[in-house]
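See below for the structure under consideration.
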Amino acid sequence: MTINWTVVNNPVIFGRDVILRCHVGNIDCNVSGTAHDTRQWTGGQHYKLLCATEGCTDPKYKMMTRNTSHDFDLWIRNFSESDLYCEYTCQCGHEVNTTTLSVEQNKLISFPTEINTDSSYIASGDQLHIEVSLEKVNPVPICTLMFKDKVIAEANVTTLKSYRYFTDLNVSFTFALQEFGCSGSLQIVCSLLSYNITVFNENIQSCPEYDSPFHLHIPLVTACSVFLLAIFCIVYIIKRRRRNQHFDILQQQHEEG
């Protein structure tokens, strides 16, 4: 039987640990019969000895043996794009297998290295426009707008720049306050394969002032005040005219007498 190695992780996530497993079957790696068998990993960007039975040459790597089989693993810490498309060799005794580490694009996940958000109100004041830029993402996500924990609609996702393994994106949505509501938790959640990340999360308080009970009472109170003042003025004018007329009659009677 010929040995071979495979990638254990599915999907492979940049920034996390990735495990390569050397499958040896029933092959005995201790061909010399000494205390130390011959298991080792070689490879990486500069193709050098990474780990052997005695230990590893770089803290980025770790070799793990298994109790249930002769298979053994190479842990690659903080996996990055520089670890891809490099040759890795696992050796068990006299058996050797060298393979290039490649991962299909749809099995790679890169969480955004930077998230920038911008929200602004459209001129009319009844809409909130949200812009979120995501740097170095993979795959291109499906992003959903949620208001008060309920799905509202799918956000617009636009590609800004493409790299070998990543994409810079813009996520946008125009939120109609009058249609959905103007107060509550507003989120944009993006799905990367089986992982969900929240890229926008705010508790908006965007109700126009005229919607509040306090501001609704102000015009009513003002109108009532003006109405009462007008009535008071009319009554005052009528009474004054009557008083003047009565005074004129008394004065006229006095002159005739």
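Since every read-out is calculated from the coordinates, none of them should be taken as a lab result. Worth saying up front: this structure is predicted, and the values here are computed from it rather than measured. Glycine also receives a Cβ, built like all others from the backbone with ideal geometry; neighbour counts cover every protein chain displayed.
Here are some notes:
- 3J(HN,Hα) along segment 170-186: 10, 10, 9, 7, 9, 9, 7, 5, 5, 7, 9, x, 10, 9, x, 7, 10 Hz, from the Karplus curve 6.51 cos²θ - 1.76 cosθ + 1.60 with θ = phi - 60°, whole Hz, x for Gly and Pro.
- Cβ-to-Cβ counts within 10 Å put SER102, SER185 in ascending order as SER102, SER185, the fewest first.
- ³J(HN,Hα), Karplus 6.51/-1.76/1.60, whole Hz, each residue of segment 103-110, x for Gly, Pro: 10, 4, 4, 7, 10, 10, 10, 10
- Lysines with Cα under 20 Å of LYS60, excluding same-chain neighbours fewer than 8 positions away: LYS48
- Order of ILE204, ILE234 - criterion: other Cβ atoms within 10 Å of each residue's Cβ, fewest first: ILE234, ILE204
- Calculated from backbone phi, Karplus (6.51, -1.76, 1.60) coupling profile of segment 82-88 in Hz, x at Gly/Pro: 6, 7, 7, 6, 10, 7, 10
- Placed amide H near GLN40: partners under 5 Å, 5+ positions off or other chain: GLN91
- Annotation: amide H-H contacts under 5 Å for ALA153 (H modelled 1.01 Å from N, sequence separation of 5 or more, or interchain): LEU145.
- Ascending count of other beta-carbon atoms within 10 Å, so fewest first, for ARG66, ARG39, ARG77, ARG21: ARG66, ARG77, ARG21, ARG39
- Segment 110-209: C-alpha gyration tensor shape, a/c 1.5 cut-off, then a/b vs b/c: prolate
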